Each structure stands twice: as structure tokens, then as C-alpha cells.
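This report concerns only the one structure given below.
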Amino acid sequence: GQTWQIFTMAQATVGLTGTAETAIDWAMKKMEEEKEARAMAEQYPAVADAMGAVREAEQQLKTVVALCRV
């Protein structure tokens, strides 16, 4: 704990699997779509209403899935 050790490397490479890259790309696209929808909801009441309907449907789906697992 009192001294520094120096490590040298010729080259190091860190990467993600194709699946991880695909998941990150999907998440970034989804985040951008949701950001755009929220911005549109501020301007267009129909978009806000549709987003509310989607949230309600998602909650209903979670409830039905939970009840089916019992």
C-alpha cells in the first residue's frame, strides 16, 4: 500500500459482444423515440392521450401477467 507499481502493456483491447452492442443500440434508439414522443406530447394533446393509454395498457398487462403466474 505504500508504493506504486508500474504496469506496461503493448496493447489492450476491450470490446462488447455483438449481443451487447445490439442491446445498447436498441436502448439508445428507444430512449430517443421516447424523448421525441414526450416533446410531441407537450405540443399535441392527442399524443399525450395516446401515451397515457399506453401507460395504462402496460400496467394492465403487468397485472394480468402477475395474476397468471399465481
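Yes or no: Thr63 in a helix (DSSP H, G or I) and open to solvent by less than 100 Å² (accessible area, probe 1.4 Å)? So Thr63 passes the test.
Residues of the stretch 3-57 that are open to solvent by 90 Å² or more (accessible area, probe 1.4 Å) and of a type in the set (A, V, I, L, M): Ile6, Met9, Ala10, Val14, Leu16, Met28, Met31. Within the stretch 1-29, being hydroxyl-bearing (Ser, Thr, Tyr) and at pLDDT below 90 holds for Thr3, Thr8, Thr13. The residues of the stretch 22-58 that are β-branched (Val, Ile, Thr) and within 10 Å of the chain's Cα centre (by Cα) amount to a single one, Ile24.
The values are calculated or read from the model by the stated rules, or taken from the named source; none is laboratory data. Since we're looking at a predicted model, the values are computed, not measured. Areas reflect the complete protein model, heavy atoms only, side chains present, ligands, DNA and RNA absent. Shrake-Rupley method; radii C 1.70, N 1.55, O 1.52, S 1.80 Å.
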